[in-house]
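A short worksheet on the structure shown next.
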Amino acid sequence: MSQSRNDIVDELIARCLTGEASVEEEKQLQAWRSETPENERRYLDLRKVFEVSQLHYQQRKSSPIELDIDREWEQFLNQIRKTKEKPIIHLFQDRPSRSWIRIAAALLLLVASGLVINYFVSRNSEMHFETSENTLTLSLPDGSKVILNRHSELSYSATFGEKSREVKLNGEAFFEVTHQAEKPFLIQANDASVEVLGTSFNVQAYGNRKDIEVIVQTGIVKFAVPLANVTLNAGQKGIYSKENKQLASADNKDVNFLSWNTQKLVFTGNHLRTVIETLNKTYTADIVLPANIPVSCVVTVTFDHQTLEAVLRVLQTTLNLTYRTTGNQIEIIHAGC
């Protein structure tokens with residue numbers, strides 16, 4: 001198909017997706033989709049982008065049609081140039097029609113908001129999701145639910161669930177896996193793998209961190225690494241040291257292990273150092289403490305959906321903290337507790 005023909009088809013798809021098409025145009029699109037499997041795949045790819053964009057605007061209670069089209073298109077091109085070598089989505093080459101720009105610009109705002117920095121169907125039919133500054137909730141084809149933490153990636157084959165259920169994770173995610181006894185759910189996370197039948201658990205496997213951690217909320221999980229594996233029950237956690245190649249399990253005593261998702265924090269006589277470590281994980285922050293923090297600096301407080309700034313103000317008041325902010329780093333200079 002020539003590029004001009006591609007442009008015509010893209011315009012037709014865009015008109016149908018946005019409800020601007022006539023009955024005759026909808027029939028033309030249906031006929032084109034039925035010509036070849038490639039045509040149908042192209043239509044489904046574009047529809048998926050549109051659905052993701054629409055979901056975003058429902059949450060924002062706004063519309064992509066309210067955009068300054070020319071300005072958004074230029075920003076869209078600039079955003080592509082700034083992202084990783086892998087493009088955000090492979091849909092077009094030349095400047096498309098104004099209707100299609102609405103969809104492209106909508107996708108741009110998904111990128112800019114941090115809700116989804118990378119969403120595409122690749123040529124080998126792999127679904128890939130990547131987050132930036134926000135979390136993302138996904139429903140997998142088998143009904144399983146995944147909540148992807150900030151700066152994390154999840155991918156799976158388009159044939160997921162047909163013969164097997166396997167995903168790849170780089171980062172952190174909470175899984176609620178639908179039970180299927182004949183098809184175990186397998187997560188490949190860097191040097192480790194996690195296998196379950198149906199349960200809920202958290203996996204932390206950032207490539208730049210020294211440990212891989214699995215914490216089980218319900219059910220049973222098999223946590224495997226090279227030359228070792230461990231079975232974890234509800235209330236247990238497994239930690240694999242990538243540096244020492246050691247795998248260990250223990251009871252999970254961290255009540256805030258899901259705070260990155262729930263935005264609820266509970267501290268009961270916790271030392272300030274432990275509190276700061278939890279805040280750094282929850283808010284993806286960079287809070288630095290001096291080495292000489294008194295042992296008397298303990299915190300008993302509950303936070304529920306409060307911003308990091310609000311949390312720091314409470315700690316500042318209750319512990320007589322002095323801190324300064326330099327760029328993205330927050331340095332606690334003094335603690336008067």
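The values are calculated or read from the model by the stated rules, or taken from the named source; none is laboratory data. These numbers come from a predicted model, not from an experiment. Cβ sites come from the backbone with ideal geometry, for glycine too, and all protein chains shown count toward neighbours.
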Out of (1) in a strand (DSSP E or B); (2) in contact (Cβ under 8 Å) with a residue 40 or more places away in the chain, the one His128 does not meet is (2)
Based on what the data block shows, is Asn244 among the polar types (S, T, N, Q) and at pLDDT 95 or above? no
Given the structure, is Ala189 surrounded by 24 or more Cβ atoms within 10 Å (Cβ to Cβ) and farther than 18 Å from Gly143 by Cβ? yes
Return a yes/no flag: does the range 266-278 have any residue that is basic (Lys, Arg) and loosely packed, with under 15 Cβ neighbours inside 10 Å. yes
Of all residues in the range 195-228, which are surrounded by fewer than 17 Cβ atoms within 10 Å (Cβ to Cβ), polar (S, T, N, Q) and either on the phi > 0 side of the Ramachandran plot or modelled with pLDDT of 95 or more (or both)? Thr218
When Phe257 is run through (1) loosely packed, with under 14 Cβ neighbours inside 10 Å; (2) part of a loop (DSSP other than H, G, I, E, B), the failure sits at (1)
Condition broken by Val295, with the remaining ones in (1) assigned to a loop (DSSP other than H, G, I, E, B); (2) among the aliphatic types (A, V, I, L, M); (3) over 15 Å from Asn320 (Cα atoms) satisfied: (3)
Among the residues of the range 12-45, how many are surrounded by 11 or more Cβ atoms within 10 Å (Cβ to Cβ), in a helix (DSSP H, G or I) and modelled with pLDDT of 70 or more? 20
Across the range 131-167, which residue is farthest from Tyr206 (Cα to Cα) among those that are in a loop (DSSP other than H, G, I, E, B) and β-branched (Val, Ile, Thr)? Thr159
